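Okay, so here's the structure we're looking at.
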Amino acid sequence: MRLSPREILLCPVCGAAVDHRPDSLICSGGHRFDAARQGYFNLLTGRGTRFEADSAGMVEAREEFLAAGYYGPLRDALAAAAVRLAPQSRTVVDAGAGTGYYLRAVADCFPDAFPVALDISKFALRRAARRLPEGVSLVWDVWKPLPLQDRSVDVLLNVFAPRNPAEFARVLKPDGLLLVVTPQPGHLAELRKQAVLLQVPGGKDDDVKRSLAASLTEVERTRLEYAVDLPPAAVKRAILMGPAARHYDPGQLDAVVERLDGHQRVSAAFTVQAFVRASPVHA
Ligand SMILES: C[S@@+](CC[C@H](N)C(=O)[O-])C[C@H]1O[C@@H](n2cnc3c(N)ncnc32)[C@H](O)[C@@H]1O
Ligand SMILES: [Zn+2]
């Protein structure tokens, strides 16, 4: 049977359990968050964060790029890892879920999954809410305490998004699984050579491991590498969906893409890392 949000969510104001009514989330202390017309809930009250949410344009580019299937192998690898390493999962959360593309695929592997998408961009969550009607999509800042109960999450995804190690460890069940995806330096390297994308520094996977080491242990590290043929429109989307988008105005970007001369054969290179709770230290 699917869990109810009452067993998973926490009120971000007072920490009480939260009930999911059709158009609102209400905690037992009376705090109420109404659904936006597009179905997501904005739990962020008060001051915004210093981190930049993905804009409407970035989200649209990402949605179209992902819909063309270029990162399908990554999506499938995440789903396979979740099934292999956490086969009985019911609560599946994505921290920095974007449009919910990966979360949808992982939730589909488990018959009773309750998906929770967390992201700071309401534009991304409009899409996630449509994609995950059986779950909840919450505007939230992953740098803040997560609106999730202690030890409530079976699978936590974190794909090209910020991490909060202490909170990730707090919300994972004792046998819960965290899957982290980072790009390798070779990722989209052909576009980087032409100076149209920002460089990916090496050693991101080791940084991830180090940052989580206090409470989570790496149990698997998989490198996934393949080539994709990107038509000019997809090259443009690959640029527009990432942080490099902030460095171009639209005219400049068109000029860059025109220079590229047709399809580009480009490397996709990701690292998928799996973490579980560190075993308790025995005296
Ligand atoms: C590169 S995108 C990846 C999105 C998604 N995981 C995917 O791969 O399609 C990074 C995402 O992290 C979100 N984000 C950035 N800072 C955040 C924060 N502090 N809290 C929650 N989400 C954040 C952005 O809005 C964006 O959707
Ligand atoms: Zn409350």
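Nothing in this text is a laboratory measurement; each read-out follows from the coordinates by a stated rule. Quantities reported herein were computed from a predicted structural model and do not represent experimental measurements. Glycine also receives a Cβ, built like all others from the backbone with ideal geometry; neighbour counts cover every protein chain displayed.
Key figures for this structure:
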{"quantity": "Residue satisfying all of: in the stretch 260-283; without any contact (Cβ under 8 Å) to a residue 12 or more places away in the chain and at negative phi; farthest from the chain's Cα centre (by Cα) among these", "calculated": "Ala283"}
{"quantity": "Hey, Gly251 surrounded by fewer than 19 Cβ atoms within 10 Å (Cβ to Cβ), closer than 18 Å to Ala61 by Cβ and not β-branched (Val, Ile, Thr) or not", "calculated": "yes"}
{"quantity": "Residue in the stretch 126-153 that is farthest from His31 (Cα to Cα), counting only those that are away from ligand 1 (no atom under 11 Å from the Cβ) and out of contact with any strand residue (DSSP E or B) (no Cβ under 8 Å at 6 or more places or on another chain)", "calculated": "Arg131"}
{"quantity": "Test result for Ala234, under 30 Å from Asp154 (Cα atoms) and touching a residue at least 40 places away in the same chain (Cβ under 8 Å)", "calculated": "no"}
{"quantity": "Pair list, Cβ < 9 Å and 6+ apart or interchain, from the stretch 86-97 residues that are under 14 Å from Val159 (Cα atoms) to residues that are within 16 Å of ligand 2 (Cβ to nearest atom)", "calculated": "Val93/Ile8; Val93/Leu146; Val93/Leu148; Ala95/Trp140; Ala95/Leu146"}
{"quantity": "Filter result for the condition that a residue is under 18 Å from Ala117 (Cα atoms), assigned to a helix (DSSP H, G or I) and charged (D, E, K, R), over Arg2, Arg6", "calculated": "Arg6"}
{"quantity": "Single unsatisfied condition, Gly98 versus (1) away from ligand 2 (no atom under 16 Å from the Cβ); (2) within 24 Å of Met1 (Cα to Cα)", "calculated": "(2)"}
{"quantity": "Positions within the stretch 258-273 being more than 15 Å from ligand 1 (Cβ to nearest atom) and either farther than 21 Å from Tyr71 by Cα or not β-branched (Val, Ile, Thr) (or both), in sequence order", "calculated": "Glu258, Arg259, Leu260, Asp261, Gly262, His263, Gln264, Arg265, Ser267"}
{"quantity": "Arg21 vs. criteria more than 15 Å from ligand 1 (Cβ to nearest atom) and free of Cβ contacts under 8 Å to residues at least 24 places away in the same chain", "calculated": "yes"}
